[in-house]
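Q: Handing you this structure, nothing more for now.
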Amino acid sequence: MKNYLKITIVAATLGLSSTAQTNWNVDASHSKLGFAVTHMMVSETEGKFKIYEGKVASSKNDIDFNGASVDFTVDASSINTDDEKRDGHLKSADFFDVEKYPKIIFKSTSMKSGKDKNTYTLTGNLTMHGVTKPVTLKAVGAPKLIKDPYGMERYAFKVTGTINRKDFGLAWNALLEAGGVAVSEDVRLDINVEITKAK
């Protein structure tokens, strides 16, 4: 009986150590949550959100994020396209309706590496404008982990993908006399995320 208990305790301990969680925090001051849409059918207009926070949790060692979880919360009213009038329109009920829906939230459901171990398919649920839809993104990790002068371990991802804003109820548009629309339905995501390992 004593030997059985010893084996059980050792097995449980080994199980805990193999699934130990590593937590990372998004460093917003060194990250960018950007997007772009096609304007007037001829050019791109870019923007970003300035206020957000995020966390990453991994059960792997070093910089293997296969199976990691990702959580992001964005302040919708922090949208910035370098045009005050346009930003005001984007915050209105025509688009994000930030007074009614102040947060944009992403919660991952899967993060899987491909042939290149630093490239991942990131899937999750995106909640925006009161609507939750599944999205699939591509995340490419940095070549290596860096330790900064303050002893903090840092890593980074380039995250890209495309979503349709109408899927989330952001349907406002204007027809052009020459045909087409003022703003594309597709929104290209251009996100750079730097994370630091929690101590």
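The values are calculated or read from the model by the stated rules, or taken from the named source; none is laboratory data. Because the structure is predicted, anything quoted here is derived from the model rather than measured. Neighbour counts run over all protein chains shown; Cβ positions are idealised from the backbone, glycine included.
Q: What number of residues in the range 97-107 are charged (D, E, K, R) and either in a helix (DSSP H, G or I) or closer than 19 Å to GLY54 by Cβ (or both)? Show your work before the answer.
A: Taking the range 97-107 as the starting set, the residues that turn out to be charged (D, E, K, R) are 97, 99-100, 103, 107.
Those still in the list that are either in a helix (DSSP H, G or I) or closer than 19 Å to GLY54 by Cβ (or both) too: 103, 107.
Of the residues in that region, 2 qualify.
Q: Next question, about the same structure. Only one of these is exposed (fewer than 12 other Cβ atoms within 10 Å of the Cβ) and either modelled with pLDDT of 95 or more or in contact with a Ser or Thr (Cβ under 8 Å, 6 or more places away or on another chain) (or both): GLY124, GLY67, GLY88, GLY114. Name it.
A: Values: GLY124 fails: exposed (fewer than 12 other Cβ atoms within 10 Å of the Cβ); GLY67 fails: exposed (fewer than 12 other Cβ atoms within 10 Å of the Cβ); GLY88 fails: either modelled with pLDDT of 95 or more or in contact with a Ser or Thr (Cβ under 8 Å, 6 or more places away or on another chain) (or both).
The match here is GLY114.
Q: Also: Out of the residues in the range 44-60 meeting the condition of being part of a strand (DSSP E or B) and among the hydroxyl-bearing types (Ser, Thr, Tyr), tell me which one is farthest from LYS100 (Cα to Cα). Break it down stepwise before answering.
A: Start the filter on the range 44-60 by keeping residues that are part of a strand (DSSP E or B), which leaves 44-49, 52-58.
Next, from what is left, pick out any that are among the hydroxyl-bearing types (Ser, Thr, Tyr): 45, 52, 58.
Values: THR45: 25, TYR52: 18, SER58: 34 Å.
Result: SER58.
Q: Turning to a different aspect of this structure: Only one of these is modelled with pLDDT of 95 or more and surrounded by fewer than 13 Cβ atoms within 10 Å (Cβ to Cβ): GLU53, GLU44. Name it.
A: None of the other options fit; the residue is GLU53.
Q: I've got another one for you. Only one of these conditions is not met by ARG154: (1) outside any loop (DSSP other than H, G, I, E, B); (2) without any contact (Cβ under 8 Å) to a residue 60 or more places away in the chain; (3) more than 15 Å from the chain's Cα centre (by Cα). Which number is it?
A: Tallying (1) outside any loop (DSSP other than H, G, I, E, B); (2) without any contact (Cβ under 8 Å) to a residue 60 or more places away in the chain; (3) more than 15 Å from the chain's Cα centre (by Cα), ARG154 fails exactly one: (2).
Q: Counting just the residues of the range 129-139 that are more than 17 Å from ASN25 (Cα to Cα) and in contact (Cβ under 8 Å) with a residue 24 or more places away in the chain, which one comes out surrounded by the most Cβ atoms within 10 Å (Cβ to Cβ)? Lay out the reasoning, then the answer.
A: If we filter the range 129-139 for residues that are more than 17 Å from ASN25 (Cα to Cα), which is where we start, we get 129-138.
This time we only want the ones that are in contact (Cβ under 8 Å) with a residue 24 or more places away in the chain, so: 129-131, 133-137.
Details: HIS129: 20, GLY130: 10, VAL131: 12, LYS133: 12, PRO134: 10, VAL135: 20, THR136: 13, LEU137: 22.
Within the range 129-139, the match that is surrounded by the most Cβ atoms within 10 Å (Cβ to Cβ) is LEU137.
Q: Okay, moving on. Only residues that are more than 13 Å from the chain's Cα centre (by Cα), over 19 Å from ILE63 (Cα atoms) and polar (S, T, N, Q): list them for the range 104-151, please.
A: The one that is more than 13 Å from the chain's Cα centre (by Cα), over 19 Å from ILE63 (Cα atoms) and polar (S, T, N, Q): THR132.
Q: Identify all residues within the range 72-87 that are in a loop (DSSP other than H, G, I, E, B) and β-branched (Val, Ile, Thr); write none if there are none. So that I can check it myself, show each step before the final result.
A: Of the residues in the range 72-87, the ones in a loop (DSSP other than H, G, I, E, B) are 81-83.
Scanning the range 72-87 gives a single hit, THR81.
Table: residues versus (1) assigned to a strand (DSSP E or B); (2) of a type in the set (Phe, Trp, Tyr); (3) touching a residue at least 40 places away in the same chain (Cβ under 8 Å).
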residue: THR38; (1), (2), (3): yes, no, yes
residue: ASP62; (1), (2), (3): no, no, yes
residue: ASN66; (1), (2), (3): no, no, yes
residue: VAL70; (1), (2), (3): yes, no, yes
residue: PHE95; (1), (2), (3): no, yes, yes
residue: THR109; (1), (2), (3): yes, no, no
residue: LYS117; (1), (2), (3): no, no, yes
residue: THR123; (1), (2), (3): yes, no, no
residue: THR127; (1), (2), (3): yes, no, no
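Q: Another question about this same structure. Quick check on this structure: which one of PRO134, PRO149 is over 20 Å from GLU194 (Cα atoms) and out of contact with any helix residue (DSSP H, G or I) (no Cβ under 9 Å at 6 or more places or on another chain)?
A: Details: PRO149 fails: over 20 Å from GLU194 (Cα atoms).
Going through PRO134, PRO149 in turn, just one is over 20 Å from GLU194 (Cα atoms) and out of contact with any helix residue (DSSP H, G or I) (no Cβ under 9 Å at 6 or more places or on another chain): PRO134.
Q: Within the bounds of the range 89-103, is there any residue that is under 15 Å from the mean Cα position of the chain (by Cα) and not basic (Lys, Arg)?
A: Keep residues of the range 89-103 that are under 15 Å from the mean Cα position of the chain (by Cα), which gives 103.
The next check asks that each one be not basic (Lys, Arg); those that pass are none.
Within the range 89-103, not a single residue is under 15 Å from the mean Cα position of the chain (by Cα) and not basic (Lys, Arg).
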